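Throughout, read-outs are computed from the coordinates displayed, never taken from laboratory work. If you're wondering where the values come from, they're calculated on a predicted model, not measured in any experiment. In this analysis, Cβ positions are derived from the backbone assuming ideal geometry, glycine residues included, and neighbour counts consider all displayed protein chains.
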Amino acid sequence: MTSHRIPMSIAAGVLLAIGSLGFSQMVIASEAEEKALSEKPFNSVTKGVVTHIRIQTSGHEYGPPDDRLDAEVIVHLDSTPDDAYGLRMHEGVAPATQAMIELLRESYFRQMPVEIFHTKLPGKKNHTVIWVESEQ
């Protein structure tokens, strides 16, 4: 017997389609389970022009206590002015990290858009950068 957990918020719309998908049993997730699923980190892409760059020494965090960003390079984009994106340099500067920093710096001075792929937690405004891309 196959069992699938479906959040309550989408369960009603799924009930009609269940038979055609071949599921033999459906378990509705509790509100607590649904909340836990919605709080898991996920990856996201944000595109915009860098409006602010902050470079700080290791050990200085950024943001409020419940949304801290442990990073040495912090940037803000015009498309999401309340969010911050951080790059860690704790272990030293890897060539890829240095290239991302240079690309963000160039984007800032030339006002050219970048795409930032980052981790995101629902309800949080500070994110860790995974990669940076630019088209020109």
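Where the centre of each part is set by its Cα atoms, how far does the range 104-122 sit from the range 56-101, in angstrom? Cα centroid of the range 104-122 versus Cα centroid of the range 56-101: 11 Å apart. Once both labels are modelled 7 Å past Cα along the beta-carbon direction, what's the Asp67-Ile55 spacing in nm? Taking the two extended label points, one gets 2.7 nm.
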